[in-house]
Each structure stands twice: as C-alpha cells, then as structure tokens.
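Structure first, then comments.
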Amino acid sequence: MNRQSKIKPSLKTKLPLFSLWFLLLFFVPGQLQAATFQMTITPYEGGSDIRFGKITPGVGIVNRELTININTTIGKQYRITETLLDPIVSAEGNSIPDRAVTVYGLSGSNKTGTINISQGIPISRGRDIVYTSNPQGSADTFRISYNLNAPLDTAPGSYRGRISFTMEAINSNQSPVIVILYIYVEIDTKNVIEIKTATGSKTISLNPSRAPGNSANVSVSIKSGLGSKFNIVQMTPEGLVSADGTRLPDQALRVSIKGAQNGSGPSTPQNLSPGRQQIYSSGPSGRSDDFTIIYELGDLNGVKAGKFRGQLKYILEGTGRIKEGLIDSFTIEVENERIFDLYISPELGSGLMQFNDLKATEPPRINEIIFEIKSNIGRPYQISQKMVSGFTNPQGNVIPQEYFKLQTVPLGNTKGTLKFPVKASPNFGEAVLFISNSQGTSDKFKAIYELGIPEDMQSGNYSTQFVFTISEL
C-alpha cells in the first residue's frame, strides 16, 4: 500500500502569507486614520467674539481683525463663506445699517489659497465668498478685518449681531464646518452731554390753547470739557407733519437759547429749520457749560388745525476727539387746536338791530357791521344772516322790504366772495352774505345796512332781530 507522504511547506509557499501580514501591519493603520477638516477663528484682541467696544458715531472707521486657521487633510479644494445671521440691533430696536460694516482680507496674510475680498465689501444676509483654497485643498492661515463706520445718527445703546463662517469642500461629500461669532458695539455720546425736558419726557409739546403751551424748555448739560471747539446742531429731517400730511411752516416754531456761560447761540428766536441748525457753539477749549433751549410758537395764522409731529435730533460736531455723533433724539409736537369763530363788531345785543327816531323827511339811516372770521379747519365756509322780520316800531307798523338795503364790501385783503357786492334789498328770512375761498382761510369784510322810511309811515324807532351764522360747506 502506497503511503502518502507529508510535504512541508516550502519558503516559497510561506512568503505570500508573510507579505500580507507585513502589509497589514505597516500600511492599514495609516489608511484607517480619520481625515482632518477643521477651521478655527480667533479675534486679534482675544476672546471669541468681534467686539468693537465703546465708540462715538462719526469718529471714523474702527476695525477689528480675525485670524482664520484651516487644517485639512482631505485633499479636496474648499472655500469659506460668511453670512450675517442677525442684524446689528440694540435692545431698544435701533439698528446699525449693514452697509456701515465692511470686511476685507489682509493681502499677503495667506500662503496658498486666494482671499476673495481684497476690497472692502459690506456685510450682507447672503453668502459672500471670503476665501478659496488651491486645487489641492492645502491647509492655510489668513487674516480678515471688519471695519465699522457708525452713521452720524446712530442712537446710543448696546448693539449685538451674529455672523457665521462656513467652510465647505468643493465636489465632496465632506460635512461643512460652521463657526458663529457675535458682534458687539457700544454707542455712547450721552456720557459727555445730557439733554432733557423739564418732565424727563422724550416729547417736547407745545399747544397755544393751553398755558403755558406757547413755549417749552429743554435743558442741556455739558458735563466735562471736550478739549477743543465744538458745536451742537439740531435737525428735524422731515419737519413737523400732521396726520393728513400737512407740514408745519418754518415760521410757526422758533428756537433760542439762554444761560450759556462758556459758549453762545441764538439769543433771539429764529425759525426752526428742518436742516442742520446750529444752536450752540463752544469756546476754543470746549469747556463744560449749562444752558436752556427755548422753543416757542411763532405765527400760526393760516396754519391748518391738527397735531404736527416730527423727530428732533441733537448732534455733536467738532474738531476734538469726538468728531461727530448723535447726542439724543426727541419727538417734538405742536397741537394747533381747531378754530372756527365769527366775530361781529359792534356787537348786537341779543341780535337786535335798531334805528331810532326815524323821520319820513330825513335821508335813510345806515348801520355798519364788521365780520371777522378766524378759521384753521382748512375747508370752505359761509356766513349767512337770518332776518327774523321786517323793521317794526312798537305800535306794530312794518317798513316795506324795498326800503331796506344791504351791501357787503371788502376790508383790506378780503379773499372770499361777497354775495351783495352792490346795494340790494335782501329777502326777509335767510340770506348768504359771504363765501370763503377754497382753503377756508381766515377773512374779514363789512356789511352796510341802510333803512329808509316811507312818507306815509309813522316816525319813530324801528328794529328787528338778526341771527348770524358761520357754517362749513
């Protein structure tokens, strides 16, 4: 019986198995290591947020730098984008416009890729590409700068916004990396100058119908010197406007100051201007001071009734360390209450018009009445009379209608229409004397009443009652 012999494996048969273990031992662990795809962002000033600190609007550009460090081993090209997640707003709801903050990359701070924002661009709610790597997706480090130029009318307060950076691989399923930073800004000019009303209210109110509503005072306290000459100007950008869009004329509100010791301003009232209007100028060294701004009503003649409101801003401008900035803002309002009145001169007691001691042989008697209308309703109106009866004496004798004549004549610059421009006999009862112009402005005219007595009538005293009425059309 043939015995099958055992054949030992030769070196040649063992080598492939040995080589496989060698390869697994030395090469597989390296391939199993996780790929790196990281981004860190560090503010130059430290911390983890973009903090502009306390600034005054109008001082110019304030910048803050960030260092962006990318560590990647995936071998894929990538890009970094930024997006403004939340606008920069204060707790009071005021905002710093997006265009006031720009960002640009510092040329030469990178090594391999491309900084896509070499020129400053405003931050936006969209996706702005900040950086693109080289095709190999090499790691890199670069710096960008955020520049804030707060507008002149930025209100004081603490502001906060939020911005995100996204690092994403191009043509790869690699998960993106997102880093979010907060933006902090403190706007402050009130620490130097304080402006307030007597009541502490943020509304300056004037009403000619309420004492002492013809004027209102605002106190200004410059607590410390600013080191150089400065001015305080005021602005009412849109003027004072009523609910129906009517604008208060400049001459209807005037401004002056009193009490300044180290500076000067208008000591006699000046019309309030909607543009920049200087109300205080310091001395050369910009020393501290206290004074009062006085707002008083001017000529409201012809101004339509209504409540006129506007925003009043106080702005600091100068050449010292504080160039320009909004100090504070108030609401200013003028309530011009409705006026619709008729004045008659001389007044008729109980509306009685009387001609005494008339004689048939004498010429007709004349009685003149002046009508003055004060109106700010802004609508046309008319003046009418109601003659209760013909002129009658105590015995009941009545003078016929044709002996009674009426004529209306202008006084000064009468604007409306006179309904009896020539002498005529009005009907007993109601008759229209006057119709205003289409704007319903205040006006004035005179009515001439003439009464004769027939030859066959009894001499004596004759009278009748009139009712005069003003009514809207």
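The values are calculated or read from the model by the stated rules, or taken from the named source; none is laboratory data. The structure presented is a predicted model; accordingly, all values stated were derived computationally and were not measured. Ideal geometry is used to build each Cβ from the backbone, glycine not excepted, and the neighbour counts take in all protein chains shown.
Observations
- Filtering segment 343-356 to residues that are in a strand (DSSP E or B) and closer than 18 Å to Thr408 by Cα leaves Tyr343, Ile344, Ser345, Met353.
- Yes/no for Ile222 being under 15 Å from Tyr295 (Cβ atoms) and either out of contact with any strand residue (DSSP E or B) (no Cβ under 7 Å at 6 or more places or on another chain) or of a type in the set (Val, Ile, Thr) (or both): no
- Among residues of segment 28-58 being exposed (fewer than 10 other Cβ atoms within 10 Å of the Cβ) and outside any helix (DSSP H, G or I), the one that is modelled with the lowest pLDDT is Gln33.
- Looking only at residues in segment 226-270 that are in a loop (DSSP other than H, G, I, E, B) and acidic (Asp, Glu), the one that is farthest from Leu326 (Cα to Cα) is Asp244.
- Those residues of segment 126-157 which are within 17 Å of Ile50 (Cα to Cα) and modelled with pLDDT of 90 or more, in sequence order: Val130, Phe142, Arg143, Ile144, Ser145, Tyr146, Asn147, Leu148
- Residue selection: Ala252 satisfies the criterion of being more than 26 Å from Pro156 (Cα to Cα), surrounded by 15 or more Cβ atoms within 10 Å (Cβ to Cβ), touching a residue at least 40 places away in the same chain (Cβ under 8 Å) and not β-branched (Val, Ile, Thr).
- Filtered residues of segment 87-135 (kept if surrounded by 14 or more Cβ atoms within 10 Å (Cβ to Cβ) and charged (D, E, K, R)): Asp98, Asp128
- Inter-residue pairs, beta-carbon under 9 Å, first in contact (Cβ under 8 Å) with a residue 40 or more places away in the chain and over 14 Å from Gln174 (Cβ atoms) and in segment 61-85, second aliphatic (A, V, I, L, M) and not in a strand (DSSP E or B), 6+ apart: Val62/Ala150; Glu65/Leu106; Asn69/Ala139; Glu82/Ile117; Glu82/Ile123; Thr83/Ile123; Leu84/Ile123
- Filtering Arg51, Arg64, Arg127, Arg99 for residues that are among the charged types (D, E, K, R), more than 18 Å from Val185 (Cα to Cα) and either under 45 Å from the mean Cα position of the chain (by Cα) or not assigned by TED's automatic domain parsing to the domain that holds Val177 (or both) leaves a single hit, Arg127.
- Number of residues in segment 94-110 that are more than 26 Å from Thr154 (Cβ to Cβ) and in a strand (DSSP E or B): the value is 1.
Yes/no per residue for (1) farther than 30 Å from Gln311 by Cα; (2) not basic (Lys, Arg):
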site	(1), (2)
Arg64	yes, no
Thr72	yes, yes
Ala100	no, yes
Arg127	yes, no
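- Condition check for Glu368 on (1) buried (at least 17 other Cβ atoms within 10 Å of the Cβ); (2) within 30 Å of Thr414 (Cβ to Cβ); (3) acidic (Asp, Glu): one failure, at (1).
- Residue match in segment 319-334 (condition: free of Cβ contacts under 8 Å to residues at least 24 places away in the same chain, small (Gly, Ala, Ser) and either surrounded by 16 or more Cβ atoms within 10 Å (Cβ to Cβ) or not in a strand (DSSP E or B) (or both)): no
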